[in-house]
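Report on one structure; see the data block that follows.
The values are calculated or read from the model by the stated rules, or taken from the named source; none is laboratory data. Everything quoted here is computed from the prediction, not taken from an experiment. In this analysis, Cβ positions are derived from the backbone assuming ideal geometry, glycine residues included, and neighbour counts consider all displayed protein chains.
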Amino acid sequence: MARSTSKDAQALFRSLISAYAATPTNLKIIDLYVMFAISTALIQVAYMAIVGSFPFNSFLSGLLSCIGTAVLAVCLRIQVNKENKEFKDLPPSVLLLTLSSAI
């Protein structure tokens, strides 16, 4: 079995960046929203670790709402993606209405 080197990792990273550059803008916006939701959840976990979890219900509801929003946004990204043939018949406005009714 061949050993992985740092050149292999750099080549993989470059190929991922070049492939993501071809991603449509609307998918990149959804990706930013997902990263925002996940970073908000991580900030809440760090705050709980530093300060404490006295109102644990508040922490739990904030964390789960961030994770749930991120999951719904990922589902929207899958449905809006033009390369996905399963949802090609649905217009984006119906998909956005479905997401907004779920939230």
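Structure above, values below:
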read-out: Among residues of region 73-97, those that are at pLDDT below 90 and in contact with a helix residue (DSSP H, G or I) (Cβ under 8 Å, 6 or more places away or on another chain), counted; value: 12
read-out: Residue within region 70-88 that is among the acidic types (D, E) and in contact (Cβ under 8 Å) with a residue 24 or more places away in the chain present; value: no
read-out: Selected residue (criterion: nearest to V71 (Cα to Cα)) from residues of region 16-33 that are loosely packed, with under 10 Cβ neighbours inside 10 Å and not hydrophobic (A, V, I, L, M, F, W, C); value: T25
read-out: Lone unmet requirement of (1) in contact (Cβ under 8 Å) with a residue 40 or more places away in the chain; (2) under 19 Å from S93 (Cα atoms) for T25; value: (1)
read-out: Condition check for F13: of a type outside the set (G, A, S), surrounded by 10 or more Cβ atoms within 10 Å (Cβ to Cβ) and not in a helix (DSSP H, G or I); value: no
read-out: Count of region 51-103 residues which are touching a Phe, Trp or Tyr at 6+ places or on another chain (Cβ under 9 Å), buried (at least 16 other Cβ atoms within 10 Å of the Cβ) and farther than 17 Å from L32 by Cβ; value: 3
read-out: Members of region 39-84 that are closer than 23 Å to T98 by Cα and either in contact with a Cys (Cβ under 7 Å, 6 or more places away or on another chain) or assigned to a loop (DSSP other than H, G, I, E, B) (or both); value: N81, K82, E83, N84
read-out: All positions within region 40-55 that are of a type in the set (F, W, Y) and within 22 Å of the chain's Cα centre (by Cα); value: Y47
read-out: All positions within region 1-21 that are of a type in the set (A, V, I, L, M) and within 18 Å of the chain's Cα centre (by Cα); value: L16, I17, A19, A21
read-out: Residues (within 11 Å of the chain's Cα centre (by Cα) and among the basic types (K, R)) located in region 56-98; value: R77
read-out: Number of the exception - S39 against (1) surrounded by 15 or more Cβ atoms within 10 Å (Cβ to Cβ); (2) modelled with pLDDT of 95 or more; value: (1)
